[in-house]
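Only one structure is covered here, and it is reproduced in the block below.
The values are calculated or read from the model by the stated rules, or taken from the named source; none is laboratory data. Quick caveat, the model's predicted, so the values are computed rather than measured. As a convention, Cβ positions derive from the backbone with ideal geometry for all residues, glycine included, and neighbour counts pool all protein chains shown. We work out accessible area using only protein heavy atoms, side chains counted, and drop any ligands, DNA or RNA first. Shrake-Rupley method; radii C 1.70, N 1.55, O 1.52, S 1.80 Å.
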Amino acid sequence: MTEQQLVKEVVIVGGGTAGWISAALLVKMLGKSLKITLVESEEIGIVGVGEATIPPVIHFNEGLGLDEATFLKETFGSIKLGIQFENWGQQGDSYMHAFGNFGKDYPFCTFHHFWLKAKQLGLSDNFWDYSFNYQAALQNRFTKLDSIPNVNLQGLVYAYHFDAALYAQFLRRWCETLGVVRVEGKIEQVHTRPDDGFISAVQLQSGEQIKGDLFIDCSGMHALLIEKTLNTGYEDWSHWLPCDRAWAVPTESVKPIVPYTRSIAHQAGWQWRIPLQHRTGNGLVFSSKYWSEEDARAHLLANLDAPALAEPRLIKFRTGRRLKQWHRNVVSIGLSSGFLEPLESTSIHLIQSGIIRLVKNFPHLGIKAAEVAEYNRQSQLEFEHIRDFIILHYKLTQRTDSKFWRDCQQMEIPERLARKMELFQATGKVYREQDELFSPIAWIQVMLGQGMVPQDYHPIVNALPAEQLSELLSYLKTIYSATATKLPQHDEFLKQFCQSDAMNTA
Ligand code: FAD
């Protein structure tokens, strides 16, 4: 093996959320054996949206060794217990995709089967009575609680809302103290090796060249290395997910700061509302085929709950995935690797799982085809599973008030998703495939929440007489709601645990 094949110098192109998250994990895990340089251009800037996350973000930050309170302070963060979906099944409907377990699973039989039988018998009505996260969210309450005291039940499972641009800046400061070298400048040329097409260096406007063995493309939708240089190709998924635009606008903060994201469906798209400590992030994701940019903008502005703090900003995107996330000596992470709309807040997660996967498969002795293929296989499956979960929300609508929703109902869906829906409808069963991100309880909530009622439940449930089933459900319901009532208000938790200094002086 020659010296040249060893990977010792990593160049990260881009300093948005993807760039700095990637730099952070690399320097933390492999910083002793790598030289890490990050190039970014203030003139080009970052996409600057992306404020809601899912629970694995907590483990990622813990892995880096970040202090949670400091991180939340610095990013004006708040707590997220789930996503409330409004007007998705039918107009006027509302349900929550709450994080965490529901009720208590039995050996070989998950809780929802017990609830399905109880529902058939008229013993229970609302599945969300058995979600501790939902009960707490409903009352705007939160504290850090791993389990409910004295009973063997899971506590609150949470993620964060935060200002993603501040997260990147926070990580930048942290990375620079650990030795990541940041270079400011606009890349104008990319040099490749004539023999194998691998990238050898990026060249800035100033003429400076930055050489590397491995390049991480975090250049966002520019996809400067993976696409503009290597022409890797893109698989377009807009026939399944037709939204291709978003208007984003911040508004003044509204009290109380609710501990959940809101996703409100409109005539040809949906609106997000994400409460931070100092403001609320809002946006409207929509399909330009069904809704003009001007009308969508006006609709968003008419549906804000507080004065706007800036002019709405339009972001265009194309849903899909890069054909290979890793090609030659370029690994694409973040928006350069593909785009899935933020309906289930998965982009920052995809960045984190992408860089974790690279660390696990780090090619320190040289890039091996088998390792690249495995990386790409895992990344592709991960993207597809999330894509299917997002399509589910559109496919399962019963709305007929616009052509957009009627077309969503009628569209052909991926075969794997069709199988999953059919199985649940017929049997109440849902299985997690391989390392799929969303657990069965996430799927169950969306399917039940949007009106899919299974025809059957598992027969293990019949071992429990109806009277005991009723007692069990009323016990769980009482515990969840009584415990939630005793929790501090979310606003109070933020004030005590992580109030941003700017809020203290406001
Ligand atoms: P960018 O932020 O665009 O960064 C690109 C970087 O590359 C910049 O630093 C830029 O300067 C640099 N660059 C580009 N070209 C050059 C060049 N020639 N020379 C030098 N530097 C260059 N994710 C979530 O998890 N939750 C959400 O709620 C969420 N909401 C979203 C809402 C919308 C409407 C959109 C579009 C995305 C949302 N996302 C969300 C996704 C999230 O915004 C992105 O995943 C995240 O910001 C990562 O962006 P990035 O770092 O890949 O790209």
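Could you look through the range 33-42, keep only residues that are more than 6 Å from the ligand (Cβ to nearest atom) and under 30 Å from GLN277 (Cβ atoms), and pick out the one that is surrounded by the fewest Cβ atoms within 10 Å (Cβ to Cβ)? Talk me through it step by step, then tell me what you get.
Filtering the range 33-42 for residues more than 6 Å from the ligand (Cβ to nearest atom) gives 33-38, 42.
Checking the rest, the ones that are also under 30 Å from GLN277 (Cβ atoms) come to 38, 42.
Details: LEU38: 27, GLU42: 10.
Out of the qualifying residues, it is GLU42.
Does the range 98-114 include one or more residues that are within 16 Å of the ligand (Cβ to nearest atom), of a type outside the set (Phe, Trp, Tyr) and either buried (at least 18 other Cβ atoms within 10 Å of the Cβ) or modelled with pLDDT under 95 (or both)? Write out each step before concluding.
If we filter the range 98-114 for residues that are within 16 Å of the ligand (Cβ to nearest atom), which is where we start, we get 99.
Checking which are of a type outside the set (Phe, Trp, Tyr) leaves us with none.
For the range 98-114, residues within 16 Å of the ligand (Cβ to nearest atom), of a type outside the set (Phe, Trp, Tyr) and either buried (at least 18 other Cβ atoms within 10 Å of the Cβ) or modelled with pLDDT under 95 (or both): absent.
Go through the residues of the range 53-65 one by one and say whether even a single one is open to solvent by less than 10 Å² (accessible area, probe 1.4 Å), more than 18 Å from the chain's Cα centre (by Cα), within 16 Å of the ligand (Cβ to nearest atom) and of a type outside the set (S, T, N, Q).
No, the range 53-65 contains no residue that is open to solvent by less than 10 Å² (accessible area, probe 1.4 Å), more than 18 Å from the chain's Cα centre (by Cα), within 16 Å of the ligand (Cβ to nearest atom) and of a type outside the set (S, T, N, Q).
Quick test of your reading of the structure: SER94 fulfils all but one of (1) under 30 Å from GLY212 (Cα atoms); (2) away from the ligand (no atom under 16 Å from the Cβ); (3) among the hydroxyl-bearing types (Ser, Thr, Tyr); (4) within 21 Å of the chain's Cα centre (by Cα). Name the failing condition by number.
(1)
Could you list, in sequence order, the residues of the range 317-344 that are near the ligand (Cβ under 9 Å from one of its atoms), open to solvent by 10 Å² or more (accessible area, probe 1.4 Å) and outside any helix (DSSP H, G or I)?
Passing the criteria: PHE317, PHE339.
Residue by residue through the range 441-484, note down the ones that are crowded, with 16+ Cβ neighbours inside 10 Å, part of a loop (DSSP other than H, G, I, E, B) and among the polar types (S, T, N, Q).
Listed by number, the list holds a single entry, GLN450.
Of the conditions (1) open to solvent by 20 Å² or more (accessible area, probe 1.4 Å); (2) among the basic types (Lys, Arg); (3) within 21 Å of GLY338 (Cα to Cα), ARG387 fails just one. Which one is it?
(1)
Any idea which residue in the range 419-438 is nearest to LEU381 (Cα to Cα), counting only those that are open to solvent by less than 30 Å² (accessible area, probe 1.4 Å) and under 18 Å from the mean Cα position of the chain (by Cα)? Quick ask: steps written out before the conclusion?
Of the residues in the range 419-438, the ones open to solvent by less than 30 Å² (accessible area, probe 1.4 Å) are 420-421, 424, 428, 430, 436, 438.
Right, trim to under 18 Å from the mean Cα position of the chain (by Cα) and you get 436, 438.
Details: GLU436: 8, PHE438: 13 Å.
This residue is GLU436.
Determine whether the range 140-154 contains at least one residue that is surrounded by 22 or more Cβ atoms within 10 Å (Cβ to Cβ) and within 16 Å of the ligand (Cβ to nearest atom).
If we filter the range 140-154 for residues that are surrounded by 22 or more Cβ atoms within 10 Å (Cβ to Cβ), which is where we start, we get 141-142.
In the following step, the residues that additionally are within 16 Å of the ligand (Cβ to nearest atom) were identified as none.
Within the range 140-154, not a single residue is surrounded by 22 or more Cβ atoms within 10 Å (Cβ to Cβ) and within 16 Å of the ligand (Cβ to nearest atom).
Looking at the range 398-421 only, could you name the residues that are free of Cβ contacts under 8 Å to residues at least 12 places away in the same chain and more than 21 Å from ILE386 (Cα to Cα)?
Selection gives THR400, ARG406.
Can you tell me which residues in the range 182-202 are of a type in the set (Asp, Glu) and either touching a residue at least 24 places away in the same chain (Cβ under 8 Å) or within 25 Å of GLU42 (Cα to Cα) (or both)? Talk me through it step by step, then tell me what you get.
Of the residues in the range 182-202, the ones of a type in the set (Asp, Glu) are 184, 188, 195-196.
Scanning the range 182-202 gives GLU184, GLU188, ASP196.
Scan the range 288-306 and give yes if some residue there is assigned to a strand (DSSP E or B), more than 13 Å from the ligand (Cβ to nearest atom) and open to solvent by 10 Å² or more (accessible area, probe 1.4 Å), otherwise no. Reasoning before the result, please.
Our first condition is that a residue be assigned to a strand (DSSP E or B); within the range 288-306, this holds for none.
No, every residue in the range 288-306 fails to be assigned to a strand (DSSP E or B), more than 13 Å from the ligand (Cβ to nearest atom) and open to solvent by 10 Å² or more (accessible area, probe 1.4 Å).
Of the numbered conditions (1) farther than 30 Å from GLU9 by Cβ; (2) not in a helix (DSSP H, G or I), GLU384 fails exactly one; give the number of that condition.
Of the numbered conditions (1) farther than 30 Å from GLU9 by Cβ; (2) not in a helix (DSSP H, G or I), the odd one out for GLU384 is (2).
Tell me, which strands (runs of 3 or more DSSP E) wholly within the range 166-211 include 3 or more residues that are within 11 Å of the ligand (Cβ to nearest atom)? Spell out how you get there, then give the answer.
Values: elements: 181-184, 187-192, 199-204, 209-211.
Qualifying strands (runs of 3 or more DSSP E): 181-184, 187-192, 199-204.
Using the structure shown, decide if ILE21 is outside any helix (DSSP H, G or I), open to solvent by less than 10 Å² (accessible area, probe 1.4 Å) and within 11 Å of the ligand (Cβ to nearest atom).
Numbers: outside any helix (DSSP H, G or I): no; open to solvent by less than 10 Å² (accessible area, probe 1.4 Å): yes; within 11 Å of the ligand (Cβ to nearest atom): yes.
Criteria not met by ILE21.
Quick one: is LEU350 more than 19 Å from LEU26 (Cα to Cα), in contact with a Phe, Trp or Tyr (Cβ under 9 Å, 6 or more places away or on another chain) and either crowded, with 19+ Cβ neighbours inside 10 Å or not assigned by TED's automatic domain parsing to the domain that holds ASP435 (or both)? Lay out the reasoning, then the answer.
Details: more than 19 Å from LEU26 (Cα to Cα): no; in contact with a Phe, Trp or Tyr (Cβ under 9 Å, 6 or more places away or on another chain): yes; either crowded, with 19+ Cβ neighbours inside 10 Å or not assigned by TED's automatic domain parsing to the domain that holds ASP435 (or both): yes.
Here the answer is no, as LEU350 does not meet what is asked.
Looking for whichever is in the same structural domain as THR17 (by TED's automatic domain parsing), over 20 Å from PHE142 (Cβ atoms), in contact with a strand residue (DSSP E or B) (Cβ under 8 Å, 6 or more places away or on another chain) and touching a residue at least 60 places away in the same chain (Cβ under 8 Å) here; the options are GLU208, GLU227. Which one fits? Talk me through it step by step, then tell me what you get.
Working: GLU208 fails: touching a residue at least 60 places away in the same chain (Cβ under 8 Å).
It is GLU227.
Here is a yes/no grid of residues against (1) over 30 Å from VAL331 (Cα atoms); (2) over 20 Å from the mean Cα position of the chain (by Cα); (3) assigned by TED's automatic domain parsing to the domain that holds PRO342:
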position: HIS222; (1), (2), (3): no, yes, yes
position: LYS255; (1), (2), (3): yes, yes, no
position: VAL285; (1), (2), (3): no, no, no
position: SER288; (1), (2), (3): yes, yes, no
position: GLU311; (1), (2), (3): yes, yes, no
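Regarding PHE215, is this residue assigned by TED's automatic domain parsing to the domain that holds SER22, out of contact with any Lys or Arg (no Cβ under 7 Å at 6 or more places or on another chain), of a type in the set (Phe, Trp, Tyr) and not in a strand (DSSP E or B)?
Numbers: assigned by TED's automatic domain parsing to the domain that holds SER22: yes; out of contact with any Lys or Arg (no Cβ under 7 Å at 6 or more places or on another chain): yes; of a type in the set (Phe, Trp, Tyr): yes; not in a strand (DSSP E or B): no.
No; evaluated as a whole, the condition is false for this residue.
Taking the condition under 28 Å from LEU224 (Cβ atoms), aliphatic (A, V, I, L, M), touching a Phe, Trp or Tyr at 6+ places or on another chain (Cβ under 8 Å) and within 11 Å of the ligand (Cβ to nearest atom), does VAL285 pass? Before the answer, list the steps.
Details: under 28 Å from LEU224 (Cβ atoms): yes; aliphatic (A, V, I, L, M): yes; touching a Phe, Trp or Tyr at 6+ places or on another chain (Cβ under 8 Å): yes; within 11 Å of the ligand (Cβ to nearest atom): yes.
Yes.
I'd like the full set of residues that are more than 19 Å from ASP407 (Cβ to Cβ) and away from the ligand (no atom under 14 Å from the Cβ), limited to the range 259-282. Before the answer, list the steps.
If we filter the range 259-282 for residues that are more than 19 Å from ASP407 (Cβ to Cβ), which is where we start, we get 259-264, 271-282.
Result: PRO259, ILE264, GLN277, HIS278, ARG279.
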